[in-house]
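Input: a single structure, listed below in structure tokens.
The values are calculated or read from the model by the stated rules, or taken from the named source; none is laboratory data. Keep in mind that what you see is a predicted model, and the values were worked out from it rather than measured. Positions of Cβ are generated from backbone atoms using ideal geometry, with glycine treated the same way; all protein chains shown enter the neighbour counts.
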Amino acid sequence: MIPARIGIVGQAIRQERENLDLSIEDTVFLTVSQALANTGLALDDIDTVVQAGDDVMDGISIQHVYTVEPAGSFMKDESKVERDGAWALHYGLIKLLSGKFRCCMIVAQSKATQCSASAMSGMGADPFYLRPVGADGDSIAALQAQFFLQKSGATAHDFAAVAAVNRSRGALNPRSMAGEGVAMSVDQALAAAPIASPINKATAARAGDGCTVLFLATEEFIRERKLNAAWITGFGMSSDAYYPGYRDLTRAPSAELATAQALRMAGTKIDSVDFVEIHELYAHQQILTAQAMGFKYGASALEDVRSGATTAQGVRPINPSGGALSGHVIYASGLGRILEASLQLRQEAGAVQLKQAHRALAHAQAGLAMQANIVYVLEA
Amino acid sequence: MGDAKQVARAAVTGVGQTITRLKRRDVNFPEMMHEACVLALKDAELQPEDIDLVVFGSGPEYFEGVNEPDLWATDHTFGIGKQHCRIQTGGTVGASTGIAGYYMAASGLYDNVLVVSGDKLSESSVQKGLSLVYAPTMGRDFAAGAPSAVANQARIYQNQFPSVNERHFAKIGAWMRKNALNNPNAQLKLPQISEEVMLGMAWLSTPLRLLDSCPTSDAACAMVIQSARKARESERPKAWIQAVATISEGYNYVDRDWSNPIAQREAARRCYSQLGITKPLEELDVLEIYDAFTSQHLIWYEGLGLVERGHGADLVDQGAIRMDGKLPVNPSGGVLSNNSIGASAMIRQAEVALQLMGRAGDRQVQGAEIGLAHGWGGAIQFHTVMILSGEQDFELSRRKRAERRTVGAER
């Protein structure tokens, strides 16, 4: 069991395909200001800040020296996790559990339009084995999708169906990235331009510019300020081997482990989870992750895509927000899944609000072909 | 808060420092990180499967030329099937990683935490990597890595306190390199070092000469941090983590005074006030500071509240910081004798831990009971402080010091 009740009490998110008007600092400042205003908190209420970002993305060594001031962490207790904000959230959660802080702000950002996302993920390839063959995020994910096609019985049509459902759902969500979350049919998704077979522009999340901010607080702080909270009741995280060749890419053992840890900590079972938000950088990864989580209604996670069980109207909704396919900011879109799940639980998800939203799983991933995974259990 | 009984919730129970060289040609980056992890686990008498969570740290990715090197090194740092995450805060990263490990172990969720941090600076051009700290539009054009920035800091300080001269820097440089001779893990070993040798070096960036600067190293450091519950199960020596702080000031607001480290002051103030420390110069036994350059000693002494502003050089004049002085600083030889950046700030914590465990070998400060480890980084604006003690109950460590002093006085 989690040693103390910690809740998500407020947020703001900005996601754009391209914003040439705002620098990273501007984007962070505006998002943090908006989050404070949304939540009715002042900067002085924030005890500690954990940022998430990446030097290579920003083209700056120790990039968060530039975001300390816009993030409001000047002279505050502050640290940075260089991975998706979902991992920064873990550190923030731990800081609150240590009993030294009451309210923590998580800030995750990047600006893909001033960097080549492919070059960046290629720089994540090791210099000896992967880099000489030009491996990057797309190519390794495409290998994963190929293996998945062969082993699971899935077809390109299934991947297109996930893309069409998520992007159409994203079209309803004002927080999604304009131009990405547009209503799309399966045929349109199938006909999209290829990136690396079988991945195409519809089944891959496209990175843009933006920032995600989330506030975490202790139960005492939440009661005192009469805030509406989505409670974190469990979490788990795990990693798999680095080299894709060492892994069975059609499975994500670290996602299985993370889910099991999270559910155990929350003292609940997968069947009592109402919906999940999955960090699907590629459509096939949504099916693969749901399968690893054991989140299914029919015979398999794939069967649920075909039967429509995973849509917002279905019995096992996945990504009612539209998912990362409807808005992806590197280092922020995993945290975005948690943000969307917390809004659902607080009945604040607006146009994409589900009827039944008491308990959710929110997932984020990192690395080539989902090497690392983190899962949270959130409850109303 | 100083009145409340201060009982530590986590302890350092194992330390591992790799062999350190200018170039470690025998290992790649993941292998070097592995080396540190293995040493720390052996030191703590734990097996990899005992570890609940690994916190990984390394500096800017421009040092290794690999983005997210934590993912590359997951296998080598016992991360498969385990909780694994990465901290990155520039020069302070080793300390930020150790502090993250502390919070993890103090949270009640993890018993055995492995923290590891390091960089292999020989893989790239360090100063080019560090020049990327400067803003792309304003600053990078004339950026020349860290020495130019710190030379400015030293000049700003000297302009305010003109009695500080290069002899002070030379003394510090010589003393720290003498200390390094006692440390098997130091990279720079200069048996011939003296004040005169220091003063005879070519200029690096005035007022700093070549040996006023640290070397570049390939090194990693790891520690095992255990929850109090777990740490108490063993009789092995341990160093209890009593207080931590990680504070950052702004990047470059117009009236920022580089010679007055307000973030360091605040980090120290928070730790002291939590522990009821009012006279750090009297109440600490050993200090490990992030001294990438000799001139920073004086500024950091003031930031840590050992002396009033402008009086840092007094401690040098009095010899207070020497091994036989009132408060030995950097018995390890400090960053001036070993700087991989990624490991450096964690080595400060590890060295203080070894001192408090009584396991610092030839560099041992006799009877060290309370120590402070400092980390510095960013664009001169990040500071971390960790205070450790030999006893879990801080008051007990204080009493032991008091008794020791009485005995010493009687003698």
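Residues of the range B:104-125 that are within 11 Å of another protein chain (Cβ to nearest Cβ), in contact (Cβ under 8 Å) with a residue 60 or more places away in the chain and buried (at least 21 other Cβ atoms within 10 Å of the Cβ): B:MET104, B:ALA105, B:ALA106, B:TYR110, B:VAL113. Scanning the range A:89-117 for residues that are closer than 17 Å to A:PRO70 by Cβ and more than 10 Å from chain B (Cβ to nearest Cβ) gives A:MET105, A:ILE106, A:VAL107, A:ALA108, A:GLN109, A:SER110, A:LYS111. Among helices (runs of 4 or more DSSP H) entirely within the range B:1-108, having at least 3 residues that are within 24 Å of the chain's Cα centre (by Cα) and closer than 30 Å to B:GLN381 by Cβ singles out B:29-44, B:93-106.
Being more than 14 Å from chain B (Cβ to nearest Cβ), under 30 Å from B:GLY81 (Cα atoms) and more than 10 Å from the chain's Cα centre (by Cα) narrows it down to one residue among A:LEU325, A:LEU354, A:LEU343; which is it? Exactly one of A:LEU325, A:LEU354, A:LEU343 is more than 14 Å from chain B (Cβ to nearest Cβ), under 30 Å from B:GLY81 (Cα atoms) and more than 10 Å from the chain's Cα centre (by Cα), namely A:LEU325.
Consider the range A:1-43 and keep the residues that are within 14 Å of chain B (Cβ to nearest Cβ) and of a type in the set (D, E, K, R). The one that is nearest to A:ARG337 (Cα to Cα) is A:ARG5. So, of the residues in the range B:357-411 that are over 22 Å from the mean Cα position of the chain (by Cα) and among the basic types (Lys, Arg), which turns out to be surrounded by the fewest Cβ atoms within 10 Å (Cβ to Cβ)? Selected residue: B:ARG411.
Scanning the range B:36-69 for residues that are surrounded by fewer than 24 Cβ atoms within 10 Å (Cβ to Cβ) and of a type in the set (Gly, Ala, Ser) yields one hit, B:GLY65. Please indicate, with yes or no, whether at least one residue in the range B:83-98 is away from chain A (no Cβ under 11 Å) and of a type outside the set (D, E, K, R). Yes, that holds for at least one residue.
For the range B:319-359, residues that are over 23 Å from B:GLU64 (Cβ atoms) and hydrophobic (A, V, I, L, M, F, W, C) total 11. In the range B:127-147, of all residues being more than 8 Å from chain A (Cβ to nearest Cβ), over 18 Å from B:GLY91 (Cβ atoms) and part of a loop (DSSP other than H, G, I, E, B), the one that is modelled with the highest pLDDT corresponds to B:THR137. Going by the conditions given, is A:VAL377 in contact (Cβ under 8 Å) with a residue 24 or more places away in the chain, buried (at least 23 other Cβ atoms within 10 Å of the Cβ), under 22 Å from A:THR27 (Cβ atoms) and in contact with a Lys or Arg (Cβ under 9 Å, 6 or more places away or on another chain)? No. One residue stands out among those in the range A:44-64 that are facing another protein chain (nearest Cβ under 8 Å) and within 18 Å of B:GLN381 (Cβ to Cβ): the one that is surrounded by the most Cβ atoms within 10 Å (Cβ to Cβ), which is A:HIS64.
Could you list all residues from the range A:118-146 that are in a helix (DSSP H, G or I), over 30 Å from A:THR48 (Cβ atoms) and within 11 Å of chain B (Cβ to nearest Cβ)? If the condition is that a residue be in a helix (DSSP H, G or I), over 30 Å from A:THR48 (Cβ atoms) and within 11 Å of chain B (Cβ to nearest Cβ), then A:ALA119, A:SER121, A:GLY122, A:MET123, A:ARG131, A:GLY137 are the ones that fit. The sole residue among B:LYS171, B:LYS128 that is of a type in the set (Lys, Arg) and surrounded by 15 or more Cβ atoms within 10 Å (Cβ to Cβ) is B:LYS171.
The residues listed here are B:GLY98, B:GLY91, B:GLY65, B:GLY108; of these, the one that is under 18 Å from B:ALA350 (Cβ atoms) and modelled with pLDDT under 95 is B:GLY91. Considering the conditions (1) acidic (Asp, Glu); (2) out of contact with any helix residue (DSSP H, G or I) (no Cβ under 9 Å at 6 or more places or on another chain); (3) within 10 Å of chain A (Cβ to nearest Cβ), B:ASP70 is excluded by exactly one of them, (2). All of A:GLN34, A:GLN15 fail the test of being of a type in the set (S, T, N, Q), crowded, with 23+ Cβ neighbours inside 10 Å and either modelled with pLDDT of 95 or more or over 23 Å from the mean Cα position of the chain (by Cα) (or both), apart from A:GLN15. Residues in the range A:239-248 that are within 9 Å of chain B (Cβ to nearest Cβ) and within 15 Å of A:LEU288 (Cβ to Cβ): A:ASP240 only. Criterion applied to A:THR27, A:THR67 was being of a type in the set (S, T, N, Q) and either surrounded by fewer than 19 Cβ atoms within 10 Å (Cβ to Cβ) or modelled with pLDDT of 95 or more (or both), and the one residue passing it is A:THR27.
Residues that are polar (S, T, N, Q), touching a residue at least 12 places away in the same chain (Cβ under 8 Å) and assigned to a helix (DSSP H, G or I) within the range B:148-163 comprise B:SER148, B:ASN152, B:GLN153, B:GLN158, B:GLN160, listed in sequence order. When the residues of the range B:240-268 are filtered to those that are within 9 Å of chain A (Cβ to nearest Cβ) and of a type in the set (D, E, K, R), the one that is nearest to B:SER389 (Cα to Cα) is B:GLU266. Only one entry in B:GLU195, B:GLU266, B:GLU233 is charged (D, E, K, R), surrounded by fewer than 24 Cβ atoms within 10 Å (Cβ to Cβ) and closer than 28 Å to B:VAL38 by Cβ, namely B:GLU233.
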